[in-house]
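Novice: Quick one: structure below, then a few questions.
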Amino acid sequence: MSTTVLSERHGVVTVITLNRPEKLNAWTSAMREALIERINQASADENCGAIVLTGAGEAFCAGQDLAETASIDANDQASAHAWIDDFDRLFRAVRAVEKPVVAAVNGVVAGSGFQFCLLADLRIGHAGVRMGQPEVLSGIPSITGIWAMWDVLGRAKTTEFVLTGKLVDGAEAARLGLLTSLVERDDVLRAALDLAKTLADLPPGAVRSTKARLHELDERALADSIAAAKQIHATAYATGEPQREMAGFLSGRRR
């Protein structure tokens, strides 16, 4: 199995770690497939009562590895659709977990990594965390990002995040509800493990039914966002703008 995603048991809690620290855990399609496999394994493990998601090094996940998507051909609609399908499978794998899922947000989390982080039931971070949705700065329309943020932030703040691309620190993230609680930097994983162990001790049937109802509330919106993302991203890639902007970012140009 890929070493870019690791899994380790801590008693009744499975810790799944994105392990590409030299790239701030920016992910590729293959890395997301490995992550889905790890999540599915933990979900099916009868001895696992909860899952903690985290990243190695100084980041949780910086989002898409732009070196992979910058080369999508303007006429290759299938590749643009397949890219969105990747995230649909990942998002649904997390949402299918009937056990508590806690994110140990150890550092920067941006773009699709930020969306993934918001799928956790609860999120523990520190004051130095940087969170946000900077996709527009690289020429990428933020479509599933709108869905991921909407119920947490509402229309006004979601609009601000997707159009400015700004990142907020841990204190602001906690104030906005993006983080459940703040702890010291060195205590993030321990605090997430402690919380996960507490949640794992709850009646599993009640947890399962509660999570199922929470997901029912926004299931249609997720399906709509995936369909819209396929159409909008294919249209955007056909113009060549995302590819040009991503190439500029990779060459060192920053907005």
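The values are calculated or read from the model by the stated rules, or taken from the named source; none is laboratory data. As the structure is a computational prediction, the values presented were derived from the model and not from experiment. Because the Cβ atoms are built from the backbone with ideal geometry, glycine has one as well, and the counts that use them run over all protein chains shown. SASA here: full protein model, heavy atoms, side chains in, ligands and nucleic acids out. Shrake-Rupley method; radii C 1.70, N 1.55, O 1.52, S 1.80 Å.
Novice: Each residue of the range 162-171 in turn: what ³J(HN,Hα) in whole Hz from Karplus with 6.51, -1.76, 1.60 and θ = phi - 60°, glycine and Pro shown as x?
Specialist: Calculated HN-Hα couplings, in order: 6, 8, 8, x, 6, 9, 10, 7, x, 4 Hz.
Novice: Can you bin the range 153-245 into rounded, prolate or oblate? Criterion: square roots of the alpha carbon gyration tensor eigenvalues sorted a ≥ b ≥ c, rounded for a/c under 1.5, prolate for a/b above b/c, oblate for the rest.
Specialist: Note, shape of the range 153-245 comes out oblate.
Novice: Right, something else. Using θ = phi - 60° and the Karplus form 6.51 cos²θ - 1.76 cosθ + 1.60, what ³J(HN,Hα) does each residue of the range 35-50 get, whole Hz, x for Gly and Pro?
Specialist: Karplus-based 3J(HN,Hα) across the range 35-50 equals 5, 4, 4, 5, 5, 4, 5, 5, 4, 7, 6, 5, 8, 9, x, 6 Hz.
Novice: Determine one quarter of the surface area of the Cα convex hull of the range 138-200, which equals its mean projected area, and express it in nm² to one decimal.
Specialist: Orientation-averaged projected area of the Cα hull: 5.6 nm².
Novice: Here's something else I'd like to know. Could you tell me which of 150, 183, 163 has its Cα farthest along the dipole of the range 138-214 towards the positive end, charges placed at Cβ (Lys, Arg +1; Asp, Glu -1), taken about the Cα centre?
Specialist: Ranked along the dipole, the leading option is 150.
Novice: Please name whichever of 91, 127, 25 sits farthest to the positive end of the charge dipole of the chain, dipole taken about the Cα centre and charges placed at Cβ: Lys and Arg +1, Asp and Glu -1.
Specialist: Value computed over the given set: 127.
Novice: From the phi of every residue in the range 178-184, what ³J(HN,Hα) in whole Hz does the Karplus formula 6.51 cos²θ - 1.76 cosθ + 1.60 yield, where θ is phi - 60° and glycine or proline is x?
Specialist: In residue order, the calculated couplings are 6, 10, 6, 7, 10, 9, 5 Hz.
Novice: Roughly speaking, to the nearest percent, how much of the range 1-158's 1.4 Å accessible area is carbon and sulfur?
Specialist: With neighbouring chains kept in place, the figure for the range 1-158 is 50 percent.
Novice: For the chain, compute Rh as the Kirkwood radius over C-alpha pairs and then the Stokes-Einstein diffusion coefficient at 25 °C and 0.890 mPa s; write the answer in µm²/s, rounded to an integer.
Specialist: Value of D from the Cα-based Kirkwood radius: 134 µm²/s.
Novice: Let me ask something else about it. I need to check one value: relative contact order of the range 1-60, counting alpha carbon pairs closer than 8 Å and at least 6 residues apart, in percent.
Specialist: The value is 45 percent.
Novice: Given H placed 1.01 Å from N in the peptide plane, which residues other than close sequence neighbours of residue 5 have an amide H under 5 Å from its amide H?
Specialist: Those lying under 5 Å, H to H, from residue 5 are 19.
Novice: Would you work out which of 67, 7, 54 lies farthest towards the positive end of the dipole of the chain? Charges go on Cβ: Lys and Arg +1, Asp and Glu -1.
Specialist: 54
Novice: With every protein chain left in place, what is the accessible area per residue of the range 76-162 in square angstrom, probe 1.4 Å?
Specialist: Dividing the accessible area of the range 76-162 by its residue count gives 31 Å².
Novice: With +1 on the Cβ of every Lys and Arg and -1 on the Cβ of every Asp and Glu, and nothing else charged, how large is the dipole of the range 87-202 about its Cα centre, in debye rounded to the nearest 20?
Specialist: 220 debye
Novice: Taking the Cα centre of each part, how many Å lie between the range 220-255 and the range 166-209?
Specialist: 31 Å
Novice: Convex hull over the alpha-carbon atoms of the range 75-223: what's its volume per residue in Å³?
Specialist: Output value, Cα hull per residue: 111 Å³.
Novice: Another question, if that's okay. Given Cβ point charges of +1 (Lys, Arg) and -1 (Asp, Glu) and nothing else, what value in debye, to the nearest 20, does the dipole of the range 145-226 about its Cα centre take?
Specialist: It comes to approximately 160 debye.
Novice: Hey, what did the chain get for relative contact order, percent, Cα under 8 Å, at least 6 apart?
Specialist: Answer for the chain is 22 percent.
Novice: If you don't mind, there's one more thing I want to ask. Which order do the peptides 160-166, 205-211, 187-193, 100-106 come out in when sorted by mean C-beta neighbours inside 10 angstrom, highest first?
Specialist: Going by the mean number of other Cβ atoms within 10 Å, highest first, we get 100-106, 187-193, 160-166, 205-211.
Novice: Treating only the Cβ of Lys, Arg, Asp and Glu as charged (+1, +1, -1, -1), what charge dipole size does the chain show about its Cα centre? Round to the nearest 20 debye.
Specialist: Charge dipole of the chain: 380 debye, to the nearest 20.
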